[in-house]
Amino acid sequence: MAELLTPDICVIGAGSGGLSVAAAAAAFDVSVVLIEKGRMGGDCLNYGCVPSKALLAAARRADAIRKSVPFGIALQFPTVDFAKVNAHVHRVIAAIAPNDSRERFTGLRVRVIEGAARFTDRHTVAVGDIQVKARRFVVATGSAPSVPSIPGLADVPYLTNETVFELTRCPEHLIVIGGGPIGLEMAQAHRRLGAEVTVLEAAAPLAKDDPECAAIVLDQLARDGVAVRAHAKVLRVESGEKLRVVVAGTNGEEAIEGSHLLVAAGRRANVDGLGLDAAGVRFEPRGIVVDRRMKTSNRRVYAIGDVAGGPQFTHVSNYHAGLVIRNALFGLPVRARYDAIPWVTFTDPELAQVGLTEAAARQRHRRIRVLRWPYHENDRAQAERETRGHIKVVTARNGRILGVTIVGAHAGELVTTWTLAIANKLGIKAIAGIVMPYPTLSEIGKRAAIGYFTPSLTSPWLRRIISFVRRFG
Ligand SMILES: Cc1cc2nc3c(=O)[nH]c(=O)nc-3n(C[C@H](O)[C@H](O)[C@H](O)COP(=O)(O)OP(=O)(O)OC[C@H]3O[C@@H](n4cnc5c(N)ncnc54)[C@H](O)[C@@H]3O)c2cc1C
């Protein structure tokens with residue numbers, strides 16, 4: 001029999017964003033219906049962040065063994081059992097899954113419904129024979145791999161992030177279409193676990209990042225033996241005994257043969273079948289159109305996370321969830337700001353960014369300062385033999401921190417201090433003045449910050465003050 005539910009909040013999609021809204025709303029004793037058509041946990045847990053980081057962790061272990069000799073440890077030829085690596089990846093997913101499970105959310109008194117949700121009008125969502133009329137709806141349906149229309153691609157068994165973590169045998173030769181963060185993370189992981197890997201990128205790899213720092217990642221990939229082909233336009237894919245990917249190279253057409261093909265060529269927002277027109281929710285190719293409160297063109301409906309067309313990261317989905325909770329439950333007029341959202345490519349070395357890149361800062365500010373400090377000048381980096389990379393801090397002339405790029409070991413952890421600084425509009429003095437524990441990699445940030453003051457250390461004024469104090473002080 002048809003059922004009518006009238007919760008306060010109805011969340012569509014139980015991924016990073018949807019789960020955060022549901023958990024927070026339930027904590028405030030608000031009635032919540034959560035609808036999920038696939039796996040609880042969404043992309044991040046099942047097909048994204050978690051399996052990719054688990055695979056990279058295994059790859060890093062293999063690499064550490066290969067690089068053990070300089071530490072005085074003789075072991076250097078790891079045997080990779082890919083089926084066991086795959087089992088490790090799935091054990092990691094399983095370890096985290098209870099946090100996102102139907103059982104946990106039911107325990108929080110969230111009504112979890114399995115099925116595909118679709119708006120039937122501006123106030124109603126249908127899932128199977130259940131109708132939901134909520135005070136507020138939150139669309140958190142995420143994104144899916146965007147598959148370019150390459151002739152022949154549909155006729156071959158290509159992989160995406162939704163299938164690549166199912167492989168239990170190491171690909172002989174993995175061809176990756178797409179040289180963005182996902183493509184390169186997967187490329188390095190598979191290479192270090194024993195595959196031959198070729199990456200085909202139509203433009204420049206890691207194009208959204210600082211090119212000087214991205215070059216260090218690309219150099220390491222080349223050292224690992226990953227062939228990254230920039231400006232390689234894929235013309236067609238042919239099947240045969242092996243897969244053949246034909247690209248337009250500088251000398252005309254060139255065919256690259258491989259055993260597996262991974263498409264990592266961007267994402268598209270999951271809006272199909274949602275009945276957004278019926279709900280009066282406007283959307284564009286990049287996603288649902290939202291204002292800075294994450295409200296759509298239907299004031300009852302919010303959209304968050306990947307489907308909202310902004311930066312596509314789990315932490316952004318969580319951030320959006322927090323905004324929606326404050327807006328929808330407390331009526332607070334909080335608005336999204338993106339100037340302090342960090343992002344990290346988890347290759348080795350890691351590449352982390354928060355705020356403006358140098359190029360973006362030069363476009364917006366007439367005069368900037370760029371401060372650098374290399375990992376090889378850091379004692380901990382030397383001890384760990386992690387000396388590749390550097391930090392680059394971009395400030396306004398008055399010392400306000402505009403952006404930070406870090407390429408090197410643990411860059412993703414190191415960038416958090418700078419995220420705090422930028423979010424709170426701190427000046428460079430704040431970082432230069434803190435005492436950092438020794439020996440830690442975080443000291444590279446402080447050393448870069450001190451660099452801001454170096455020119456003034458040699459100023460005639462300062463010299464005069466020093467000699468005055470020396471004589472009369
Ligand atoms: C390989 C890979 C690696 C990544 N690594 C990172 C990383 O290291 N760090 C990071 O921050 N981000 C990473 N991301 C991005 C991150 O996974 C996403 O930004 C995040 O999952 C988005 O969360 P979301 O809540 O918007 O959507 P999702 O987590 O995708 O959840 C959306 C959910 O909605 C469901 N759904 C869709 N339509 C309907 C419907 N009509 N009815 C009911 N349910 C529906 C889907 O089944 C899905 O479960 C990675 C992504 C990929 C692909």
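The values are calculated or read from the model by the stated rules, or taken from the named source; none is laboratory data. All values reported here derive from a predicted model rather than from experimental measurement. No Cβ is skipped: glycine too gets one built from the backbone with ideal geometry, and neighbour counts run over all protein chains shown.
When restricted to residues that are without any contact (Cβ under 8 Å) to a residue 12 or more places away in the chain and in a helix (DSSP H, G or I), the range 414-447 contains 2. When LEU274 is tested against the conditions (1) touching a residue at least 24 places away in the same chain (Cβ under 8 Å); (2) aliphatic (A, V, I, L, M); (3) more than 12 Å from the ligand (Cβ to nearest atom); (4) outside the structural domain of THR163 (by TED's automatic domain parsing), the lone failure is (3). Scanning the range 49-69 for residues that are more than 30 Å from ILE113 (Cα to Cα) and under 15 Å from the mean Cα position of the chain (by Cα) yields a count of 1. Scanning the range 240-252 for any residue that is modelled with pLDDT of 95 or more and part of a helix (DSSP H, G or I) turns up nothing. Please go through (1) within 21 Å of the chain's Cα centre (by Cα); (2) farther than 16 Å from TYR338 by Cα; (3) near the ligand (Cβ under 8 Å from one of its atoms) for PRO285 and return the number of the only condition it doesn't satisfy. Unmet for PRO285, out of (1) within 21 Å of the chain's Cα centre (by Cα); (2) farther than 16 Å from TYR338 by Cα; (3) near the ligand (Cβ under 8 Å from one of its atoms): (3). Taking the range 1-48 and the strands (runs of 3 or more DSSP E) fully enclosed by it, the elements with 3 or more residues that are in contact with a helix residue (DSSP H, G or I) (Cβ under 9 Å, 6 or more places away or on another chain) and closer than 17 Å to ILE113 by Cβ are at 9-12, 32-36. State whether the residues of the range 144-164 include one that is among the polar types (S, T, N, Q) and under 30 Å from GLU3 (Cβ atoms). Within the range 144-164, not a single residue is among the polar types (S, T, N, Q) and under 30 Å from GLU3 (Cβ atoms).
Name the residues in the range 120-135 that are more than 22 Å from VAL324 (Cβ to Cβ) and of a type in the set (D, E, K, R), would you? Listed by number, the list holds a single entry, ASP129. Screening the candidates ASN270, ASN298 for the property of being of a type in the set (S, T, N, Q), over 30 Å from SER52 (Cβ atoms) and in contact with a Gly (Cβ under 6 Å, 6 or more places away or on another chain) yields one hit, ASN298. Within the range 250-268, is even one residue within 24 Å of ARG337 (Cα to Cα), within 16 Å of the ligand (Cβ to nearest atom) and either of a type in the set (A, V, I, L, M, F, W, C) or touching an Asp or Glu at 6+ places or on another chain (Cβ under 9 Å) (or both)? Yes, because at least one residue in the range 250-268 is within 24 Å of ARG337 (Cα to Cα), within 16 Å of the ligand (Cβ to nearest atom) and either of a type in the set (A, V, I, L, M, F, W, C) or touching an Asp or Glu at 6+ places or on another chain (Cβ under 9 Å) (or both).
Every test in (1) out of contact with any Asp or Glu (no Cβ under 9 Å at 6 or more places or on another chain); (2) crowded, with 23+ Cβ neighbours inside 10 Å is passed by LEU75 save one, and that test is (2).
When LEU262, LEU274 are checked against the criterion of being outside any loop (DSSP other than H, G, I, E, B) and either of a type in the set (Ser, Thr, Tyr) or buried (at least 20 other Cβ atoms within 10 Å of the Cβ) (or both), a single residue qualifies: LEU262. Looking at this structure, is ALA2 away from the ligand (no atom under 15 Å from the Cβ), over 27 Å from the mean Cα position of the chain (by Cα), surrounded by fewer than 22 Cβ atoms within 10 Å (Cβ to Cβ) and over 28 Å from GLY412 (Cβ atoms)? In short, yes. Looking for something within 11 Å of the ligand (Cβ to nearest atom) and more than 16 Å from GLY18 (Cβ to Cβ) - is there at least one such residue anywhere in the range 56-63? Yes, that holds for at least one residue. If you take the residues of the range 412-444 that are buried (at least 16 other Cβ atoms within 10 Å of the Cβ) and closer than 17 Å to GLN382 by Cβ, which of them is nearest to the chain's Cα centre (by Cα)? The selected residue is LEU414. When the range 288-308 is limited to residues that are of a type in the set (A, V, I, L, M, F, W, C) and assigned to a loop (DSSP other than H, G, I, E, B), the one that is nearest to the ligand (Cβ to nearest atom) turns out to be ILE304. Being more than 22 Å from the chain's Cα centre (by Cα) and part of a loop (DSSP other than H, G, I, E, B) is a condition met by at least one residue of the range 194-209.
Applying the selection to the range 396-413, what residues are in contact (Cβ under 8 Å) with a residue 40 or more places away in the chain and of a type in the set (Gly, Ala, Ser)? Passing the criteria: GLY399, GLY403, GLY408, ALA409, ALA411, GLY412. Are any of the residues in the range 86-106 on the phi < 0 side of the Ramachandran plot, near the ligand (Cβ under 9 Å from one of its atoms), of a type in the set (D, E, K, R) and touching a strand residue (DSSP E or B) at 6+ places or on another chain (Cβ under 8 Å)? The answer is no, given that none of the residues of the range 86-106 is on the phi < 0 side of the Ramachandran plot, near the ligand (Cβ under 9 Å from one of its atoms), of a type in the set (D, E, K, R) and touching a strand residue (DSSP E or B) at 6+ places or on another chain (Cβ under 8 Å).
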